[in-house]
Amino acid sequence: MKKREVPKPKREKEFWLILIFIAALAFRLFFALRTSGFTGDDSYFNLRQIESIKKSGMPILHDNLSYSGRTFAFLPGMHYLLAGISFIFSRFISNEILFKIVLNFFAATAAIIAYMIIFELSHNRNAGLVAAFATAFSPIFLNSTINSISTFSISIPLNLLLVYFFIKSEYDMRAVTRFMAVLILASFTDSLVMILLIGIIFYILMISTEDMPESPSRLELVIFSIIFVFWVNFIVFKSAFLAHGVGMIWRNIPSAISSQYFFRINIINIIYRINVIPFIAGIYVLYNYTIREKKKNIYIFAGIIFVLLMMLWLKLVEFWIGLMLISIFFALLLGYFYHSLSSYLAKTKIAGKLEGIAAVFISLLIVSTVASAWQYANSASADSLSQNQEEALNFLAEVQSEEAVISAPESGMLIEYFSKKKTVMDSEFLMIPNINERYADIKTLYQTPYETKALEIMDKYDADIIYLSDTEREEFSIISLKFVGDEKCFELLYNNSVMIYRKLCRLGTAG
Amino acid sequence: MKHSNKKKKITKHAETKKKRIAILPIIYTIVVLLFMFAVFHAYRNAFTGGLPAGSEGYYHERMAKAINEKGILSYDSLSFSGRTYIFSAYDYLLALAGKVTGVRAASIWIPLAMAIISVFAFYGIMRKSGMKESSINIALLILAATPAFAYSALTSNPQIAAAAFLLSAFYFYMREEKAAVVLSAILFGFASLFGAAALLISLSIAGIFTIKHPERKKRFSALLGIFALMSVTYIITIAKFGLLPISFGKSLSSIVLELGALSGIGIFELILAGIGLLYAWASKDRNYLPISMTALLLLLFLFGMNVSVYLAFACAFFSSLAINFLDERKWSLNILRGASIILILCGLLFSGLTFMGRAVNMEPDSGIVDAFSWLSNNYSGGNVLSVPKNGFYTEYFGMKAFSDDNFEYAPNLEQRLNASQQIFYSRDLDKTMAELAKNNITYIVITPEMKNGLVWRKEQEGLLFLLRNNETFKNVHLESTQAGSIEIWNVVPQVQTAG
């Protein structure tokens, strides 16, 4: 294997990189720590799992609360990591703050890895810094990870590391070992790595058509990776695969709400959300270095972005996940664009004004990126669990009841975590039978004006409590429940923007 | 003189050592098999009272006992409320062995013995074919860990006996000695009695081998006579009952362990076998026999025949070729070579562990046995309705089953299956009662599995709704098990009022 001499980054540039990292971390923690609670019900699912691992060493695989009894299938890498960290540090700091700090720290490292990738490709430190900045403040990535216990906080940096080591594997044997080590970690954290590998397969197909055959060592590495990742995912998700077949890709989401997760994309929507500058820069780089100049490693990005766009188009990946990944890769390409632009300008008459142009470019980047990042981060922070909701859920924990709570799917995991009550539905839909019927029943219950219908549905699911928060109001387009007029049948237990009702009667059976 | 004696001694010692080394793989394989056997039965002894696993075994045990009591069987009064007994050589083998050790014990040791015999035969065939020692060693170990093979060794079933006779027969067919020729003819004859699949495979394996070894034409012609003789039983059955309907398109879940097939093959092994098949194709002149036999087995599988145990041998063979290929090829990165081998071993080991984890909890458990035992003590006649796989338990306890899993030449099969569907899913009490009365169904057995998706997915679906009517259905027994309660319902006969 030929060794390639890569210039070492200067200390001054390292200083700027560390500054970007600290700025990103500070930015994240500013929004994360100013609110109590986490954003998204998934965070509370993950929190339950982490607490279970801390307590018993095992995650909750058979749960009595979710859907009043079900099995989970998920990759537990992040959960074990956080459980371990919590085990050591929870005596000094609350879990909530600890997890926010740790996960935002991991997420912020994506900036450093982005720098490493672009520096490796371009040997241009400034280009690396541009990529680092754009990645650190990628709006969608921020929104998904800033205030959530999300596997993306760890899997995105790991996947970027995989890209980095894959690029280096062409000439550095150590990169192969490191690639494999990171692959194992990434495989047990999130299934995102499968998307990356499919992208790399497309990369190999692309370069083979361009008469740039891939080295045998890299081919072996890719084949091994595919088999390993496929095997891990098959073992973990085999019950889900058995239950849903290929439909597992769509996570058994009820068809009535699947459009909230998989919706038809249009290019304007994508450009708007990932920002115009990275998009145009990324397109330019892809065009120039795959069509005109044919730079082998740029094909890796081309392959991954192509796969992501296809998967979004075919609704094989959730919109926000696909968009997040695309925005990160376009952020990387923005860095390479900077290198390309500065190399070009250096050869022109205005080479002397390069620093000025760079300053304008970077200013534009900072303004557009940070403004967008601020908006998305603010939104994530605002969407976190409100004080009212937390109080309501804590109240619900005190309510004596062996039966289930009816709520919208997005409230389910909050109820399970805070109130330790059984739920009729939550947003973990995998391996739940008759999911469409269940969702339709819940929707009917919230919208029906008829007491008998509501009672019938509640009896069907052995539920005796109805939870009504802004989530339910928005989900089912209602303001209040129309059938709760009869106090003999429905008792209002709690009313503070969140309303909790208890059923007092049963539907009589015919004699 | 002294020197030549010494030389002879060294040569003899070297040969003995070589023979010892050569049989080591068989010993390892048998040790693995015995270990699995011991763990399996120890667990079942501890948690299910030592009940043999698998419902099919209870059918064979019942038939073997009947053979020992009554001699040659022609009629089974319990299966499908009474049907012609379709000859099964395995029942007679079990009956014969049962005369020595008891039929229940024979149900346990016969499959193991057949598995061990088939290991020896498989080993002999691979050696005779000139396969590399390393490939043979790997093939044997993979075979022992293949769920389809292990399942056949741990449960009472005719497939492993058929495989043992067939493989032994073919091994002797490959040999030159006169005694081997006679022995192969006898063993092929016995193998053919274990079902149409065994007959077809026996015929094919001998035939394909003979095509490449024309000097065995005479031998094969004699074999054809034996096959023709043995096929008389099938011809008589077909003449009497017609051809069996062919069921096409078995799904992956019936052959892949991780997709639910307990007697299937692990996905990792299937992928390896695929790689091995591609590798073997490159030298198809040498590997004509395993390739063509695999093609035949896949065809038989697609036609709905139970050939999983034979596929286990084929997969073990091709997997070993794949592993050898991966081990011997020149890798650009040695670390990947090591990692790939480790990954393969982990994959195979995981399949084995998955299988054992599920196999030890196979039905029946003590709850099912206690429930049917109670019913048999309180049985007042009529048919017992449950899902077909519970039919064997019903019959084992001396009661008439409305249906069981033995669909071959079952009387009024379609009508009975339709009636079962009608009864299970209808909410119309009158229609259901009419079906129950028409089919003389007096008891209904409902297991937790039936309520958890095997029959019903929702509470109060179909018959579960009608069972609330206590004038028509009486819940006579509830047996608690870990999975839930087994319910036994008595159908109250309706009194016909004068019109």
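Over the residues of the protein assembly as shown, the helix contribution to mean residue ellipticity at 222 nm works out to -21000 deg cm²/dmol, using -39500 (n - 2.57) for each DSSP H run of at least 4. Overall shape of chain B was characterised from the C-alpha gyration tensor. The equivalent ellipsoid obtained from it has semi-axes of 47, 26, 21 Å, in decreasing order. The residue among A:Pro433, A:Leu455, A:Ser419 whose Cα reaches farthest toward the positive pole of the charge dipole of region A:387-503, with charges on the beta-carbon of Lys, Arg, Asp and Glu, is A:Leu455.
Debye-formula intensities of region A:387-503, expressed as log10 I(q)/I(0) at q = 0.09, 0.10 Å⁻¹, are -0.20, -0.25 (one equal scatterer per alpha-carbon, no solvent). The lysine pair count for region B:82-236, using Cα distances under 24 Å and pairs eight or more places apart or on different chains, is 8. Charge dipole of region B:366-491 (Cα centre as origin; +1 on each Lys and Arg Cβ, -1 on each Asp and Glu Cβ, all else neutral): 240 debye, rounded to the nearest 20. Rolled with a 1.4 Å probe across the full set of protein chains, the surface gives A:Ile321 an accessible area near 40 Å². With respect to chain B, whose longest principal axis is taken over its alpha-carbon atoms, helix B:103-128 is tilted by about 30°. Computed from protein heavy atoms with a 1.4 Å probe, the total accessible area buried between B and A is close to 2000 Å².
Can you pull out the chymotrypsin sites (Phe, Trp or Tyr not before Pro) in region B:221-321 that DSSP calls coil and that have at most 16 other Cβ atoms within 10 Å?
B:Phe248, B:Phe303
Computed from backbone phi, the HN-Hα couplings of region A:136-143 come to 4, 10, 4, x, 5, 4, 4, 4 Hz, rounded to whole numbers (Karplus: 6.51 cos²θ - 1.76 cosθ + 1.60, θ = phi - 60°; Gly and Pro given as x).
Using heavy atoms of the protein chains and a probe of 1.4 Å, the accessible area assigned to B:Glu177 is about 80 Å². In loop segments of region A:341-395 as defined by DSSP, the trypsin sites (Lys or Arg not before Pro) with at most 12 further C-beta atoms inside 10 Å of their C-beta are A:Lys347. The relative contact order of region B:366-491 comes to 27 percent, based on Cα pairs under 8 Å that sit 6 or more residues apart. Angle of helix B:217-241 to the longest C-alpha principal axis of chain B, folded into 0 to 90 degrees and rounded to 10: 0°.
Farthest toward the dipole's positive end in region A:242-311, which of A:Val276, A:Tyr289, A:Ile300, given Cβ charges of +1 (Lys, Arg) and -1 (Asp, Glu) about the Cα centre? Sorting the options by dipole projection puts first A:Tyr289.
Count the lysine pairs in region A:1-142 whose Cα atoms sit under 29 Å apart, keeping only pairs 8 or more residues apart in sequence or on different chains.
Qualifying lysine pairs in region A:1-142: 6.
Using alpha-carbon pairs under 8 Å, 6+ residues apart, how would you state the relative contact order of region A:46-121 in percent?
21
Note: relative contact order over chain B, using C-alpha pairs below 8 Å and six or more positions apart, is 16 percent. Taking every Cα-Cα distance in the protein assembly as shown and sorting them into 10 Å bins starting at zero, the pair-distance distribution P(r) comes out as 2, 9, 15, 18, 17, 16, 12, 7, 3, 1, 0, 0 percent. Relative to the longest principal axis of the Cα atoms of chain B, the long axis of helix B:158-174 makes an angle of roughly 20 degrees.
Of the listed residues A:Leu82, B:Leu429, the order by accessible area with a 1.4 Å probe, largest first, is B:Leu429, A:Leu82.
Shielding value for B:333-340 is 6, the average number of Cβ atoms from other chains within 10 Å of each residue's Cβ. Towards the positive end of the charge dipole of the protein assembly as shown, with charges on Cβ (+1 Lys, Arg; -1 Asp, Glu), say which of A:Ile249, A:Ser155, A:Met499 has the farthest Cα. The listed residue farthest towards the positive side: A:Ser155.
About the centre of its Cα atoms, the protein assembly as shown shows a dipole size close to 5200 debye [charges on the beta carbon of Lys, Arg (+1) and Asp, Glu (-1) only; nearest 20 debye]. Note on chain A: with charges restricted to the Cβ of Lys and Arg (+1) and Asp and Glu (-1), its dipole about the Cα centre is near 2180 debye.
The values are calculated or read from the model by the stated rules, or taken from the named source; none is laboratory data. Keep in mind the model is a prediction, meaning the values are calculated, not measured. For neighbour counting, all protein chains shown are included, and Cβ atoms are generated from backbone atoms with ideal geometry for every residue, glycine included. Please note that ligands, DNA and RNA were not included when accessible areas were found on the heavy atoms of the full protein model with its side chains. Shrake-Rupley method; radii C 1.70, N 1.55, O 1.52, S 1.80 Å.
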